[in-house]
Protein chains: 2
Amino acid sequence: MASEYKTMKGQDFDRGAFESLLRRKVFLWQSFEPYGAVKGLFDYGPPLENLEAEVINIWRDHFIRHEKMMALKCSMLTPYEVLKTSGHVEKFADFMCKDPKTGEILRSDHLIKDVIEARLKSDKEARGEKIEETVEDPKKKKKQAKAAKGAVKLDDAVRKEYEHMLATLDDCTGDDMGALIKKHDIRSPITGNEVEPPVSVNLMFQTQIGATGKEPAFLRPETAQGQFLSFQKLLEYSDSQLPMASACIGYSFRNELSPRAGLLRVREFLMAEIEHFVDPESGKRHPKFNSVRDVKLPLLDRKTQNAGDTTPTITTIGEAVDSKLVDNETLGYFLVRIMQFMQKIGIDMTKLRFRQHMANEMAHYAVDCWDCELFSSYGWIECVGCADRSAFDLSVHEKATGTFLKVREPLKEPVKIEEWVAQLDKKKSGPKLKKNQAKVEQTLLGLSQEIKEKLSLEMEKEGKIVVAVEGVEGGKIELDKEIVSIGRETRVESMREYTPNVIEPSFGVGRILYSLMEHVYWTREGDAARSVMSFKPTVAPIKVLVVPLQKDVKFAALMAELEQRLDEEQLAYKVDQSGVSIGKRYSRNDELGIPFGITIDYESLEGKGFTLRERDSTKQVRASMDEILEAVVKMCKGKEAWEGVVKRLPVFEGKEE
Amino acid sequence: MASEYKTMKGQDFDRGAFESLLRRKVFLWQSFEPYGAVKGLFDYGPPLENLEAEVINIWRDHFIRHEKMMALKCSMLTPYEVLKTSGHVEKFADFMCKDPKTGEILRSDHLIKDVIEARLKSDKEARGEKIEETVEDPKKKKKQAKAAKGAVKLDDAVRKEYEHMLATLDDCTGDDMGALIKKHDIRSPITGNEVEPPVSVNLMFQTQIGATGKEPAFLRPETAQGQFLSFQKLLEYSDSQLPMASACIGYSFRNELSPRAGLLRVREFLMAEIEHFVDPESGKRHPKFNSVRDVKLPLLDRKTQNAGDTTPTITTIGEAVDSKLVDNETLGYFLVRIMQFMQKIGIDMTKLRFRQHMANEMAHYAVDCWDCELFSSYGWIECVGCADRSAFDLSVHEKATGTFLKVREPLKEPVKIEEWVAQLDKKKSGPKLKKNQAKVEQTLLGLSQEIKEKLSLEMEKEGKIVVAVEGVEGGKIELDKEIVSIGRETRVESMREYTPNVIEPSFGVGRILYSLMEHVYWTREGDAARSVMSFKPTVAPIKVLVVPLQKDVKFAALMAELEQRLDEEQLAYKVDQSGVSIGKRYSRNDELGIPFGITIDYESLEGKGFTLRERDSTKQVRASMDEILEAVVKMCKGKEAWEGVVKRLPVFEGKEE
């Protein structure tokens, strides 16, 4: 049940007008415009770059400092072998179909989904059924519209088959999809051409390190692998105490084949990823869980989605974890902290939900996964993934490199272990086995308990055993009881070794920034041309607009004093002394989201203070420079709200236009 | 005249011990260690990552906010064409020689320099001359030692030739170097093998955008090009008012073929680059120059270097610009601001100098260039380049793309311009020229004043002219006076168009951080094992160490209160409650550079406050929690010094060990 996207004031959202503002005020643009602009690459101009810096600083404070996470910076260039082990070489790929006549490349799953959804919709139309609005992306709607050919009724069996296809599409291989495309005559919705069969295309940018050609490498698709490979350093730094968490703010890359949807699908993007390492036997409890237990979250769980519903349930995280809706305390704690972060930066809380991954959405090793989704004119968009990656990554890297990537900790109580042991008498076996001795010893050590037990019976019976040993002549070797003893032995184990599990909140910074910009955008009542970006003072790219009433040298000295004071307070400010009216100057700077304006007028020259104007309400107070600066500093640090300032300082009833 | 590098306390610097500290405290390491570590790629651990974040925030405040620069974020992935135009495809390359037997790759200029310097040194030895110590890199020394074969006297003529070679090496082409290597039998100093002739190898990482193969791209070698291509947006944002400056903090890449010298030569590095656009006819004056006129800088100019001296002159920037030692006010202003930034982050001012580029070091388009160099155990290292790039970049991109990359501004006084004009009578010429009319018109417009003057004489004489026109049959066309008139005309020009010049301060963040770490490192008198990193409180990665006297549940409540207060003040802190003595705990955390320690002891439980310990002096004061927190907050914001705190609060004479 999707609703049309509305602004924070409940107005219809005009994406054209919004995008025009972003362009006009130089928030962002496609990179390399003079060279024809590259899809999926964006440059940020001053308003967005500064917004990002503010948001990142809040993220650092909220997560890294407050949670005592270990900040890491890992390399973007990543050797082939690392991403081979992590599975990205094989699996970080999309199946693509080429339109042979135009050369256009279509994602195979998107192609099938677009065409089949369109046919189902047209079937419903033909049957006179109500059409559920499940598609939120206007561009997708257009594609579907093209793919549909009016109201065409399908056979009941075909309709069932189509519905089943959509439900199971995520589990299809490339060949499966190829068969579906052929069987159902699925063609490019744009040209109507038949397409070539799906081929797998890796989505990483490839390059090479050095000039020898011996070091193939990729630009990383996520920051996580660098963090896993730093595991030993992290453990050292935290004195081997778990839980521990690392955090990395850095760029990742995805060579999208046909990027669309602006900032939501880009080829180069900033991520902020946390890897929280826990002992799997601890039940993944979190020491601070009780402090957030009563916080309520909008949770859209798997069951609800399966029932075709998209209404989240508002639940306290305590209940959600108690009922196992959310798998464990650590995951639950992070969901709350993610929501609190979003609130801090000014995300509209009515446009936020947590959606649980469906079973087929998760990586095969993942235990549970919740996305924090933000609602925008593109629909609900995943902005933070919060997954339990289990012990997968550390295990595969350990296996591939032989590096010890486990935690070793003393057991509280040493435990006695009784087990089968096969032991070589080195003195006696040396002359007999000669150069094979080490190999035999290695083989015996590696035998399982079951095999050792069998061999002990064989030894008892025959007085000798035959063991397969790699690398010896004939591939096996006979060992008699003179040189090998097999029996039950008891040893005391005082250490425990385990691979930690990892819970990973992963933030897509660009998507969050884009959603934030949509969330704070609105237009003044009765004048759609006067738009406002209501950034919170804590994140606003510029904090203060300074406007002298008009161009007059009399203001110069006071202006200089005010500017110096703003500089000393480290407030980013802008001066607008162009010739137009004060109202117009405020209005055009509202588009930059500057929260506060200070006006210098002729009364200021008489020592009667300045006016301080708040962007959203356009209300003003009049006070001394000291009082105004104190209020602005407090509000920009989030330590006072405008509502408080209005109560403290005398309201000024000037007209703005 | 190089001096041996000493610590801030004048002690001999032990690089081994220093590097061991960096490893032990997880400041940094080579990336991907479990996979064998990749040269030239480094990961930062928590201390260095946080240090970088603090330094970047100071940079943002010092430059972007204070100077009202326009912050930009530009893409790292850069299309081939952009870097073709900028000259990087052709010139961002090194000549390399391969050792055919080992496959090792040597930079040709380094190879020649190493070998010839070694021969000259050995000659001096043979002649009994004093050997000037010009080599500061210990690894290089080792190479030279290998290349030299004891004391071998050279012919006077050969010696002269060698000296000339070194002086002119930077101007050599690859072929030149190949000839030198052959003529002087220059071999690998490591193996003694003959090497293959120099080949040019581009140092950019290459990749491709999309899957079509039609969009070759590089990882950018500098952030500058993205800024130049954003020129129109910048101009828009600043209402076409120059001077204006953009700033970009971002990663650049250089595919070093054999990286060495740790953090000083890496393949992936953070830069902070400013592009300051000025009107070349303004004399490159800077509006704030007078505010820094009297600041003194250590300047090592070209003349001094030519005389073989390396002692900088301490001069005020006012004098330096007046005497044209530094080319202009803008360059001068930035030199001062760079120095002030270095001071803010804690660089040792006795280990900083500005060195002017020699004529052959500069890019061909550069007007003047000064490097801010920091002294470390690797010698004097360029950490900031401050170059005047003139109008080069904007001009070449405009030429390549046809995009208007100039400033257009109204002239104060419109000017009358008298000039030759050749005009086509369109009505009459239409029937005669037909489809060629537009081409002819274009050609006539493009003719120079000289040619028009000649043609006017021809027309007067012959009554017709012959003009070469591209794309018409025969390549030229006859035009009679019926359809073309040529004469002197006067027009009034009210606009001026010009390409701004660019002054570019470019910061290598990794090099600055490395130098900073060396500058603040020292060891306690009498105990070389107790090392200290004296980070300023403003940049220290962790601000406070909390140490309860010993493990005792009685401290729990006070600890919790203190931790909450530290959190509220947004101070990064660390708790060390391990069993060892307080002295040991302080001492091992001095290695992390934590400036302040708060001890909770039994007197704290009696309401007698806490002790606050300062890292460098190890002095302590005793005061209430409020007083201590107030002092720490002020010191971490740079608003109070420890010297002041000691005067305000009662000194505590506890012993530390």
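The values are calculated or read from the model by the stated rules, or taken from the named source; none is laboratory data. Because the structure is predicted, anything quoted here is derived from the model rather than measured. Please note: Cβ atoms are built from the backbone with ideal geometry, for glycine as well, and neighbour counts cover all protein chains shown. Surface accessibility is based on the protein's heavy atoms, side chains included, excluding ligands, DNA and RNA. Shrake-Rupley method; radii C 1.70, N 1.55, O 1.52, S 1.80 Å.
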With the 8 Å Cα cutoff and a minimum separation of six or more residues, the stretch B:436-536 has a relative contact order in percent of 15 percent
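Over all residues in A:62-74, what is the mean tally of Cβ atoms on other chains that come within 10 Å of each residue's Cβ? Numbers along the way, then the final one.
Working: counts 0, 0, 5, 8, 3, 0, 7, 1, 6, 12, 7, 12, 7.
Neighbouring Cβ atoms belonging to other protein chains average 5 per residue here.
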Asserting the computed 222 nm helical MRE of chain A (DSSP H runs at least 4 long, -39500 (n - 2.57) per run, divided by residue count, to nearest 500) equals -10000 deg cm²/dmol
Note on the protein assembly as shown, DSSP bridge orientation, antiparallel percent to nearest 5 equals 90 percent
Measuring from its Cα centre, chain B shows a charge dipole (+1 at each Lys and Arg Cβ, -1 at each Asp and Glu Cβ) which, in debye to the nearest 20, is 580 debye
The size of the Cβ-based charge dipole (Lys, Arg +1; Asp, Glu -1) of the stretch A:363-433 about the Cα centre, to the nearest 20 debye, is 980 debye
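Based on the mean of other Cβ atoms within 10 Å per residue, sort peptides B:192-200, A:529-537 so the most packed one is first. Numbers along the way, then the final one.
Details: B:192-200: 16.4, A:529-537: 20.3.
Ranking the peptides B:192-200, A:529-537 by packing returns A:529-537, B:192-200.
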Under the 7 Å Cα-to-Cβ spin-label approximation, A:R648 and B:V492 lie apart by a distance in nanometres of 5.8 nm
Restricting to aspartates and glutamates and to Cα separations under 16 Å from A:K428, and discarding same-chain partners fewer than 8 apart, the set is A:E441, A:E478, A:D480, A:E482
Ignoring ligands and nucleic acids, A:I186 exposes an accessible area, probe 1.4 Å, in Å² to the nearest 10, of 0 Å²
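Sorted by accessible area (1.4 Å probe), largest first, how do B:C172, A:C74 line up?
Numbers: B:C172 35, A:C74 10 Å².
Descending order: B:C172, A:C74.
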Under a 1.4 Å probe, counting only protein heavy atoms, B:E603 has an accessible area in Å², nearest 10, of 80 Å²
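For chain B, calculate the relative contact order in percent as a whole number, restricting contacts to Cα pairs under 8 Å that are 6 or more residues apart. Please list the in-between numbers first.
Working: 1105 pairs, mean separation 83.1, N = 657.
About 13 percent, as a whole number.
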Within the stretch A:542-652, the percent of DSSP beta bridges that are antiparallel, given to the nearest 5, stands at 55 percent
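Ranked by accessible surface with a 1.4 Å probe, highest first, in what order do B:K98, B:K454 come? Show your work: numbers first, answer last.
Details: B:K98 90, B:K454 145 Å².
Order by accessible area, largest first: B:K454, B:K98.
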With Cα coordinates, the longest principal axis of chain A makes an angle with the long axis of helix A:15-24, in degrees rounded to 10, of 80 degrees
With all protein chains in place and a 1.4 Å probe, B:S291 shows an accessible area in Å² (nearest 10) of 90 Å²
Phi angles of the stretch B:348-365, converted by Karplus (6.51 cos²θ - 1.76 cosθ + 1.60, θ = phi - 60°) into ³J(HN,Hα) in whole Hz with x for Gly and Pro, give 6, 5, 7, 10, 10, 8, 10, 10, 6, 5, 6, 3, 7, 7, 7, 4, 4, 8
With the 8 Å Cα cutoff and a minimum separation of six or more residues, the stretch B:1-53 has a relative contact order in percent of 25 percent
So the carbon and sulfur contribution to the accessible area of the protein assembly as shown, 1.4 Å probe, in percent, is 50 percent
In the stretch B:347-499, taking the dipole from +1 charges on Lys and Arg beta carbons and -1 charges on Asp and Glu beta carbons about the Cα centre, the listed residue (B:F392, B:A359, B:G446) farthest towards the positive end is B:G446
Helix A:108-127 sits off the longest principal axis of the Cα atoms of chain A, rounded to the nearest 10 on a 0 to 90 degree scale, by 60 degrees
Whole-Å distance linking the alpha carbon centroid of the stretch B:158-204 with that of the stretch A:93-130 is 62 Å
Each residue of B:221-227 has, on average, a number of other protein chain C-beta atoms within 10 Å of its C-beta equal to 1
Averaged over residues of B:27-33, the number of beta carbons from other chains lying within 10 Å of each residue's Cβ is 5
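When Lys and Arg each count +1 and Asp and Glu each count -1, what net charge do the other residues less than 14 Å away from A:Y521, Cβ to Cβ, add up to?
Working: positive: A:K6, A:K9, A:R15, A:R23, A:R24, A:K25, A:K351, A:R524, A:R530, A:K536, A:R615; negative: A:D12, A:D14, A:E19, A:D348, A:E518, A:D590, A:E591, A:D616.
Net charge in that neighbourhood comes out at +3.
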Looking at the stretch A:400-418, residues buried by 20 Å² or more relative to their chain on its own, accessible surface at probe 1.4 Å, turn out to be A:T401, A:T403
Heavy-atom accessible area per residue of chain A, all protein chains kept, 1.4 Å probe, expressed in Å², is 46 Å²
Toy charge model, Lys and Arg Cβ at +1, Asp and Glu Cβ at -1: the stretch A:412-494 dipole around Cα centroid in debye, rounded to 20, equals 360 debye
Buried accessible area between A and B, both sides, 1.4 Å probe, in Å² rounded to 100, is 6800 Å²
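Which percent, to the nearest 5, of DSSP beta bridges fully inside chain A are antiparallel? Kindly include the intermediate steps, with their values, before the conclusion.
Details: 90 of 103 bridges.
If we restrict to bridges inside chain A, about 85 percent are antiparallel.
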Measuring from the longest principal axis of the C-alpha atoms of chain A, the long axis of helix A:509-520 (C-alpha) lies at a number of degrees, nearest 10, equal to 30 degrees
Among A:K574/B:K637; B:K427/B:K454; B:K9/B:K160; A:K439/A:K461; A:K73/A:K98, the pairs whose Cα-Cα distance exceeds 31 Å are B:K9/B:K160; A:K73/A:K98
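Using the structure shown, list the pairs from A:K124/A:K183; B:K84/B:K406; A:K412/B:K608; A:K344/A:K608 with a Cα-Cα distance above 27 Å, or answer none. Each step should come with its number before you reach the end.
Numbers: A:K124/A:K183 22 Å; B:K84/B:K406 21 Å; A:K412/B:K608 38 Å; A:K344/A:K608 36 Å.
Violating the 27 Å limit, Cα to Cα: A:K412/B:K608; A:K344/A:K608.
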